[in-house]
Amino acid sequence: MARLIKANNFVTNDVDVSTLERMQKMVGGYIEFVYRHAEGKILICNEEGLLLDLPINEQIAKRYGIHLRGDVIEATSSELN
């Protein structure tokens, strides 16, 4: 199930990623997809996170070794169909 991993470390499981508008609302703006093929995950983040100076999402950094900013949705490709 898709889950929202907030930059403040709060996690919400089973989030609804059925529409673009819902995903944009969760990350606070335009979305960007980051594909993690080895883990079978798609990370959905705010495309302007760096420009907006959003905080680095520490949970994502620890888990995937990448520094995405702001709130991130962690999903699989089957959840986005």
Lys, Arg +1 and Asp, Glu -1 on Cβ, resulting dipole of the chain about Cα centre, debye, nearest 20: 220
Accessible area per residue, Å², the chain with all protein chains present, probe 1.4 Å: 61
Sulfur and carbon atoms: percent of accessible area, the chain [1.4 Å]: 51
Square roots of 5 times each gyration tensor eigenvalue, C-alpha, the chain, largest first, Å: 17, 15, 12
Zone of LYS25's modelled label, taken as backbone nitrogen in the range 37-75 under 19 Å from a point 7 Å along Cα→Cβ: 44-47, 71-75
Positive dipole terminus of the chain, leading residue within THR76, GLY29, ALA61 (C-beta point charges): ALA61
Cα-derived Rg over Rh, computed across the range 18-64 with Rh taken as Kirkwood radius: 0.98
Cα-projected label distance for LEU51 with HIS67, points at 7 Å along beta-carbon direction, nm: 2.0
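The values are calculated or read from the model by the stated rules, or taken from the named source; none is laboratory data. Just so we're clear, the structure is a prediction, and the values are computed from it rather than from any experiment. Reconstructed Cβ throughout: ideal geometry from the backbone, glycine too, with neighbour counts over all protein chains shown. Heads up: the accessible areas ignore ligands, DNA and RNA and are worked out on the full protein's heavy atoms, side chains in. Shrake-Rupley method; radii C 1.70, N 1.55, O 1.52, S 1.80 Å.
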